[in-house]
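What follows is a single structure, written as structure tokens, with notes after it.
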Amino acid sequence: MSLWTQVVEIARVDLVVERRIGDVFRIVLPFAVAALFVFPIALGVELATMRRVGPAVFWTLGILFGMQVALRHSATDTPPRRDMQALAGLDPAARFLGRAISGAVVMTGFLVVVYVAMVALYDSETTSWWVTGLAALLFAAGLTTLSTLVGEATTGLRHRTGLASLLIAPLSLPLVLAASQTLAAVSDGTGILPWMLLMTGTDIALLVAGVGLARPLEEAGR
Amino acid sequence: MVVLEESGVSLGGRPVLRGVTLTLSAGQVMGLAGPNGSGKTTLLRLMATLQRPDQGRVEVLGAVSGTTDVYRVRPAIGLIGHAPSLIPELTLAENLSHIARLAGIDSAGTRESLALVGLERASGRRADASSSGMLRRVEIAALLMRRPRLLLLDEATSGLDRDAVGLVDALVARALSAGGAAVMVSHDRTLLSGCDSVVELTGGRVMG
């Protein structure tokens, strides 16, 4: 059984389950969009200010709700399900990669909707849709990979949700910094390459760490 | 097939198994009996390589527990546990296909396997809308498909009607004919009377 067949199977089943329960798009997403209204209410409806803070609000909501989106997968895993998959021959590295991929797909969709809502509500200017899309994709991939890794590391621990959030928030700083600076660089007309490279490098480092640690983490939980 | 030497397991700082030594050979059916909390399920998980021993040594199908060798032998181990292992949001057929794909088995045979356990008409029903007996039948179908050599059954017949109990017998017979072995946990002494040997556990220790 090839690793990639298992990766595809884990990602496929995660997406089917997400489509059926709709946690992200029916529960998390409406709250994230509703949260976009909080800032204009607090700051007052002043278009110039809203345009300026729009991208910052977007990334803030991205990290806050993104953690919920990304941690959701591993939270639904039950010990009997993990046992069944282990005895079917599932490689923990395949579970990690499959989970990161399905999480990135869902998270990218989530960010796209929140971004469009932010542009509409805050009247923000979008100078380059492709850069924004690429930044969102790299940010989503990094955040879900990090959350999957932390989710695996905290499996079975009491208070894991709180602990996972405490670990993810500081570790995702390079991603938040690079993603927000990419959009700022586009607006200012400065180079986006260093920020894109920072996000890509962080994503790759997290992927390598996740694959390398998958087996030890799986066995440590036994 | 399974060798345990002075094996012990503690969970949450509490010893659950202590100094367990036993051997399971090919062609053997072993029964496990004992009161609730005596460590039967933990012992079964130890044999499935899903639990590492804190003390002693556990060797299953030639792989020593706690080493990466366990990944090689796990596909040859079949476990039916207390709690259902299926994914609630998937249908019974999808659950079986999922297991088949992970195990590298042609998933085209899943309908056939569901028919074998009498669930061909319920194949499109979601697991969270199925009875515990139906979920158990799907788990049996998965094992019929996977053909494990070492079969570990934790109260596998509970919640099953008489026809389905026959499926468990067929599962054991198939494992034995392939040179395998089986371990059955049950409170039903009649069921255990058909085993080649019965191990009694009390307070995490093997009695007698």
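Structure notes:
- Ligands, DNA and RNA are left out, and with a 1.4 angstrom probe the accessible area of chain B is 42 Å² per residue.
- Within 10 Å of each Cβ in B:97-109, the average number of Cβ atoms from other chains: 5
- Under Karplus coefficients 6.51, -1.76 and 1.60, residue-wise ³J(HN,Hα) of segment A:192-209 in Hz, glycine/proline x: 9, 4, x, 6, 5, 5, 5, 5, 4, x, 5, 4, 5, 4, 5, 4, 4, 4
- Chain B: relative contact order in percent, alpha carbon pairs under 8 Å with at least 6 residues between: 30 percent
- Theoretical ellipticity at 222 nm over chain A - DSSP helices of four or more residues, -39500 (n - 2.57) apiece, nearest 500: -28000 deg cm²/dmol
- Remark: accessible area buried at the A-B interface is about 2600 Å², both chains counted, probe radius 1.4 Å.
- Percent accessible area from carbon and sulfur atoms, segment A:1-58, protein chains only, probe 1.4 Å: 71 percent
- Rounded to the nearest whole Hz, the Karplus-based 3J(HN,Hα) values (6.51 cos²θ - 1.76 cosθ + 1.60, θ = phi - 60°) of segment B:12-27 follow the sequence x, x, 9, x, 9, 10, 9, x, 7, 10, 7, 10, 10, 9, 4, x, with x at glycine and proline.
- Residue (of A:L197, A:V176, A:V17) at the positive-pole extreme of the protein assembly as shown, dipole from beta-carbon charges: A:V17
- Peptide B:60-67 is shielded by partner chain Cβ atoms: per residue, an average of 1 of them sit within 10 Å of its Cβ.
- Based on C-alpha pairs under 8 angstrom that are at least 6 apart in sequence, segment A:106-222 has a relative contact order of 30 percent.
- Per-residue average of Cβ from other chains inside 10 Å of B:80-89: 5
- Difference of contour (0.36 nm per residue) and Cα-Cα distance, B:H82 to B:S25: 18.1 nm
- Here the label points at A:L157 and B:D161, each 7 Å from Cα along the C-beta direction, are separated by 4.8 nm in the simple model.
- In segment A:3-220, Rg over Rh equals 1.00, where Rg is the alpha-carbon radius of gyration and Rh the Kirkwood radius from pairwise Cα distances.
- Approximate spin-label separation B:T68-A:I27, in nm, with each point projected 7 Å along Cα-to-Cβ: 3.8 nm
- Computed 3J(HN,Hα) for segment A:40-46, one whole-Hz value per residue from the Karplus formula 6.51 cos²θ - 1.76 cosθ + 1.60 where θ = phi - 60°, is x, 5, 6, 8, x, 7, 10, glycine and proline marked x.
- GNM top mover of B:V16, B:V172, B:V138 - chain B, alpha-carbon springs below 10 Å: B:V16
- Between B:V3 and A:W4, the simple spin-label model (points 7 angstrom out along Cα→Cβ) gives 4.1 nm.
- Selected from A:P170, A:P80, A:P40 as most flexible by GNM, with chain A as the system and alpha-carbon contacts under 10 Å: A:P80
- Surface per residue (accessible, 1.4 Å probe) for segment A:3-220, Å²: 44 Å²
- Protein-protein interface of segment B:36-50, residues with accessible area decrease of at least 10 Å², isolated chain reference, 1.4 Å probe: B:R45, B:L50
- Theoretical gain in end-to-end length, B:A170 to B:R121 [0.36 nm per residue, Cα-Cα removed]: 15.5 nm
- Rel. contact order, % - alpha carbon contacts under 8 angstrom, at least six apart, chain A: 27 percent
The values are calculated or read from the model by the stated rules, or taken from the named source; none is laboratory data. Only a predicted model underlies this, so the values are computations on that prediction, with no experimental measurement involved. As a convention, Cβ positions derive from the backbone with ideal geometry for all residues, glycine included, and neighbour counts pool all protein chains shown. Ligands, DNA and RNA are stripped out before the accessible areas are found, and what is left, the full protein with its side chains, is counted by its heavy atoms. Shrake-Rupley method; radii C 1.70, N 1.55, O 1.52, S 1.80 Å.
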